[in-house]
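The structure appears below as C-alpha cells.
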Amino acid sequence: MRSGSHRPRKRFGQHFLHDARVLARIVEAIAPEQGDAIVEVGPGEGALTRLLLERVPRIEAIEIDRDLAARLETEFSRERLAVHNADALRFDFAACPMGMRLVGNLPYNISTPLLFHLAGYAERVRDMHFMLQLEVVERMVARNSTPAYGRLSVMLQTRFRMQKLFRVPAGAFRPPPKVESALVRLVPLTASERPAIDEKAFARIVAAAFSARRKTLRNALPLQPADFEALAIDPGLRPENLAPRDYIRIVQRVAR
C-alpha cells in the first residue's frame, strides 16, 4: 500500500506516523525478537507494521477501518499478518497469545478509555509501547501533588511501571495533530508487586476522589474521622496529594 494513499478519517482519530527516523526509534525501543508475540493496535497504513515484520515472522493487528484492514490483508499473507477488523475498545485481547507485546499509535480521541480497557489484560501482557498525546503520557507517569497527577496516574501506576521514552513533533504525522506526542513504555507489575485489593472497589474509590478533586478528602471519600486517623492521612488534603499506595490502603480499610 502506498504511504499517504489513504485519506485520514476524523471519526477514527487517524494521524498516520510517516517519519522514518521516528519509526526506527520506536522499533529500537521495542527491540522485537524472533518468537515475540507482537500485537499492533491501529496499524493504519502499515508503516510500523512493515518494520516490525522485518524482525518477527508474524504479527496480529487490530484495525477498525475496513479499507485499511482490507489493504493490509492484500499486502501481507495471513501467516505473516493476522488482521482483526475490530474496534480495539471492544476487542477481547484474551484471544491473543499470553505474553503478548502490545504496540501502536493509539487514536488520541479514545486514548484514556482504551488504556483502561488494555489495563484489564495486564496479566497477559509482557509490555506495551504506545504513541500517545504528550499530555496523556505526562499524566500517566505523573507523581502525586503535581498538576498532571490524577485518576489515570493512580489507576495505571498500580498496574504498571511506566516510562516516557521520547517526544515526537506534530510534523511526524499525516495530518499533523495539534499537539505534541510521546512514546511510552508500560511493563506490568509482577503478581507479588500488585496490591491485593478489590479492583472494582478501587476503581470506584479513585473515580469518586478525582471527580471532586478540588474538595478535601473528608468531603471526597467515604471515610469516617476514625478511618483517617487509623490510616494516618490528613483529611484536609486533596485527592491529588495522595500517592497510589495511599489509595490502596484506603480501599483495604473500606473493605475491612
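Taking amide H as placed 1.01 Å from N in the peptide plane, GLU180 has its amide H under 5 Å from the amide H of LEU134, each at least 5 places away in sequence or on another chain.
Counting GluC sites (Glu not before Pro) as exposed when in a DSSP loop with at most 11 other beta carbons within 10 Å, what is the longest stretch of the chain free of them? Please report the intermediate quantities before stating the final value.
Numbers: sites that count: GLU33, GLU54, GLU79, GLU193.
Longest run free of exposed loop sites: 80-192.
Using the Cβ-Cβ distance between GLU79 and SER211 with R0 set to 51 Å, the FRET efficiency from 1/(1 + (r/R0)^6) comes to roughly 0.60. Note on the chain: along the principal axes its Cα atoms extend 64, 36, 29 Å, ordered by decreasing extent.
Sequence-ordered 3J(HN,Hα) estimates for the stretch 179-184 from the Karplus curve with 6.51, -1.76 and 1.60 and θ = phi - 60° stand at 9, 7, 10, 7, 9, 10 Hz, glycine and proline given as x.
Placing dummy labels 7 Å off each Cα toward the beta-carbon, the span from GLN34 to THR190 is 2.9 nm. Let a ≥ b ≥ c be the square roots of the eigenvalues of the Cα gyration tensor of the stretch 52-102; is it rounded (a/c under 1.5), or, if not, prolate (a/b larger than b/c) or oblate? It comes out oblate by the Cα gyration axes. For ALA86, the residues 5 or more places off, or on other chains, whose built amide H falls under 5 Å of its own are GLU63, ILE64. In the stretch 199-255, the convex hull through the Cα atoms has an average projected area of 3.3 nm², a quarter of its surface area. Helix 199-211 and the longest principal axis of the C-alpha atoms of the chain enclose an angle of approximately 80°.
Applying a DSSP loop filter and a limit of 10 other Cβ atoms within 10 Å to the chymotrypsin sites (Phe, Trp or Tyr not before Pro) in the stretch 75-174 leaves nothing. How large is ³J(HN,Hα) for each residue in the stretch 152-166, as worked out from phi by the Karplus curve 6.51 cos²θ - 1.76 cosθ + 1.60 (θ = phi - 60°), to whole Hz, x for Gly and Pro? Couplings: 4, 4, 5, 5, 7, 6, 8, 10, 9, 8, 10, 9, 6, 8, 6 Hz.
Where a ≥ b ≥ c are the square roots of the eigenvalues of the C-alpha gyration tensor, would you call the stretch 92-231 rounded, which needs a/c under 1.5, or, failing that, prolate if a/b is larger than b/c, or oblate? Before the final figure, lay out each step's value.
Numbers: a/c = 2.38, a/b = 1.42, b/c = 1.67.
It comes out oblate by the Cα gyration axes.
What's the angle, to the nearest 10 degrees (0 to 90), between helix 20-30's Cα axis and the longest principal axis of the chain? It works out to around 60 degrees.
Taking amide H atoms as placed 1.01 Å from N in the peptide plane, the amide H of LEU81 lies under 5 Å from those of ILE59, each 5 or more residues away in sequence or on another chain.
Couplings 3J(HN,Hα) for the stretch 105-110, derived from phi with the Karplus relation 6.51 cos²θ - 1.76 cosθ + 1.60 (θ = phi - 60°), are 9, 6, x, 5, 6, 10 Hz, where x marks Gly and Pro.
Read-outs throughout are calculated quantities, based only on the coordinates presented, and are distinct from any laboratory measurement. Because the structure is a prediction, the values reported are computed rather than measured. Methodologically, a virtual Cβ is constructed for each residue, glycine included, from the backbone with ideal geometry; neighbour enumeration extends over all protein chains shown.
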